[in-house]
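In what follows, a structure is listed as structure tokens, so that the remarks can point back to it.
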Amino acid sequence: MSHARPHRLHGARVALAAALLAFTAVLASAASAAPCGACGKNLIKNPGAEAGAGITAVGAFGAVPGWTNDAGQFGAASYTFPNGWFSARSKGSPKRGKNYFFGGTTTEAVSAKATIGKQTIKLPAAAAGRKVTLGGWLGNYGSGPSANMTQVRAEFADASGAVLARLRIGNDTTIAGTDMAFRSRKGTVPKGATQVTIVVSFANGNNYKLAGADDLALVLA
């Protein structure tokens, strides 16, 4: 009988350790299953430049609601813009509306190395650790080193604005002609991220910046 007590004590410790592991697993499962009302929805506002008027003449400019002009002259063009690179007959988003994002034909756009537009989005508390997909329709203007190329980035940052991770589509040299092509990339929202900035840039180009983008999306799984 005197030798049974240590065995019972060891058994109790094993049982306690197993219970703690099970409890930890339950907590982890509960955390991963935390409700996410924003999941499955496009977090980008005005993702197709539909809010506001798209320009229809060279040298015109119209601000894009929900977006800020960071460089050049970030704006929207109408698919009816006769001097634009993309039209209603171009290949592109099956859900496109009347406008698309483009780099501009104003003096500011022509003289800038890149036209850049941004939108910062507050992330839901349940976003950290979740899968995320960045997607959109991209179109380039021209070819070779001087081509006007489209790029879209999602920059995940903490509350201080420090970037923790990036997700990018473009530059893609396989996109050519007067058509747009859909591109997407998956990633994971980093721990500590409280916001994400969508950066759309139309870089290079010797004259007008006629590259475009349409129907952008950032979706949490």
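The values are calculated or read from the model by the stated rules, or taken from the named source; none is laboratory data. Keep in mind that what you see is a predicted model, and the values were worked out from it rather than measured. Don't worry about glycine lacking a Cβ; one is built from the backbone with ideal geometry, like all the others, and counts go over all protein chains shown. These accessible areas exclude ligands, DNA and RNA; they are computed on the full protein's heavy atoms, side chains included. Shrake-Rupley method; radii C 1.70, N 1.55, O 1.52, S 1.80 Å.
How big is the gap, in Å, between the Cα center of region 42-83 and the Cα center of region 107-148? Distance between centres, Cα-based: 13 Å. Taking label positions 7 Å along the Cα-Cβ direction at both Thr107 and Asn207, the computed distance is 1.9 nm, reported to one decimal.
Rolling a 1.4 angstrom probe over the protein heavy atoms, how many square angstrom per residue are accessible across region 151-197?
Details: 2500 Å² over 47 residues.
For region 151-197, the solvent-accessible area averages 53 Å² per residue.
Express the C-alpha Rg of region 24-153 as a ratio against the empirical globular expectation 2.2 N^0.38 Å, rounded to two decimals.
On the way: Rg = 18.4 Å, N = 130, 2.2 N^0.38 = 14.0 Å.
Cα-based Rg divided by the globular estimate yields 1.32.
The calculated Kirkwood hydrodynamic radius for region 111-221 is 14.5 Å, given to one decimal from all distinct C-alpha pairs. For region 108-221, a crude dipole built from +1 on the beta carbon of Lys and Arg and -1 on the beta carbon of Asp and Glu, taken about the Cα centre, is about 440 debye to the nearest 20.
Surface composition of region 51-147: carbon and sulfur atoms hold 55% of the protein heavy-atom accessible area at a 1.4 Å probe.
Roughly what would the spin-label model give for Val163 and Ala125, points 7 Å off Cα along C-beta, in nm? Those two pseudo-labels are separated by 2.9 nm.
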